[in-house]
1. So between residue 66 and residue 577, what do we pick up on full extension, going 0.36 nm a residue minus the alpha carbon distance?
2. Along each of its three principal axes, how wide is the spread of alpha-carbon positions in the chain, in whole angstrom units, largest first?
3. If you fit an axis through the alpha-carbon atoms of helix 255-277 and take the longest principal axis of the Cα set of the chain, what angle between them do you get, 0 to 90°, nearest 10?
4. Helix 81-90: angle to the longest alpha-carbon principal axis of the chain, degrees 0 to 90, nearest 10?
5. How much length would be gained if the chain were fully extended between residue 157 and residue 456, taking 0.36 nm per residue of separation minus their Cα-Cα distance, in nm to one decimal?
6. Along the Cα→Cβ direction, 7 angstrom out, place labels at residue 515 and residue 107. What is the inter-label distance in nm?
7. Between helix 200-214 and the chain, what is the angle of the helix's C-alpha long axis to the longest principal axis, kept within 0 to 90° and rounded to the nearest 10?
8. Translational diffusion coefficient of the stretch 37-163 at 25 °C, 0.890 mPa s, Stokes-Einstein with Kirkwood Rh over Cα pairs, in µm²/s as a whole number.
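Throughout, read-outs are computed from the coordinates displayed, never taken from laboratory work. Because the structure is predicted, anything quoted here is derived from the model rather than measured. Cβ placement follows ideal geometry from the backbone for every residue including glycine, while neighbour counts extend to all protein chains displayed.
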């Protein structure tokens, strides 16, 4: 039975998820720790110096890691923001909460095969949050920054926080410079007096410093969920200029985003300095993480924001670049400095760990476990699977699906066609080799566990879209079939969404193939054109393009590079009837390492 909020403060030193270490119950235990949670929006797992970035300047976060423990296999509960934030508050999977997409979410479109399920537009009030748990135990509590878990009636002050600054239903500000307005144009709560031109990250930091100063004599929970580094990408001019003059590091080269990252890092430095100035460092538990992977696709001005390599893809995707996140914990009283752990943890574990550290009970049903023993003893967590459920089309291009990680393996299952991909994410961190054919028994077992978990948490599933209309014929009679709309068949072939690719690639197997649904109103004879690229020495593959019983063949040209595209004719096809059709491209031979990269197929009417 779920506890009502009025009884959430009953303290039984029993931990539902994980037994606290014996040191917590020593004869002379330390005072209950203060808790500071930095939760950064859209910060990628490789966007920090301590996680390998050579472009972004993050000395304060790097120092936080040097003074504490850094996790190398930490995951967000969802590849987008609101569900992960709900998991952080509750320790429960977004699927169990029926809050599975960013609020309000992406509307259904005719070109999508599935319709999204309805989902909660707020964190339900009956959920017990980490703030309510600590508030009942005598903590002062503040949420300063992004909330994105409901508006009026569901704001932070209804969920256990004494103080709310800037938190409402919106997922991003209209501007990072004052005056600060939310999504609907209203002034952000508590920031109405901001001087024009003030930078939002700096102001939220100042409010957090004020809260720490005010509550220095009592235990406190400071939740500092910065709007940074989410779009709109806006940095302070001097920092932007600094990075415009700097050398890019591979595909991390966005000067505006880099400026936002540095402002965020300065915020961390200021808060750590404030704790030190007040003599609070030793017994303050500081947790730093983010809500999903970095935005690596085009989505508005100045995007993509970052590049998550060697992780695959980014925000909105169930690949590692979308769900793996930085996690750093500093607690001088209990955590040995300069330590690193490969323990696999998730957002759902953070509130359970905070509860265990603070000696507060967790009596309601949760999905996470405490990793306090990892922090304080260098211990290990019991083996368990982690699950993801994202039954939505993301703005970044991903399709509805779910995933399970078990041991070193991660299985992704797509809901449109039940396509499955299996990766060893320890040996193959970039998820380049799909193991479904090599490990059929593992695939079957993991898929069964994923299905059983969905049933257990009552996961809401998408339904068939009765208005589904595939790629339609243009006014001039042509049909454009872009790679992003293709259905891939086989093992290795995949669509690569990043802006420097935007292509069907990894076509290393001759029995992998691709198809498109399309709608034809005016049938007739069409020239088939392929926008293809092919690396030196790999030309000469033979492919067959077919629509129904009509087909034509083509020889792939060596263009000097897989990302050097040429639009080439590939014969003609007669399509006699209007209506819905399927076009397929299948290799018949592959003399080189790959068939080709294919960006799009065009059907051009023959006049």
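1. 177.2 nm
2. 83, 53, 44
3. Compared with the principal axis, the helix lies near 20 degrees.
4. 30 degrees
5. Taking residue 157 through residue 456 to full extension adds about 104.5 nm, to one decimal.
6. Going by the 7 Å Cα→Cβ label model, 3.1 nm.
7. 20 degrees
8. The estimated diffusion coefficient comes to 147 µm²/s.
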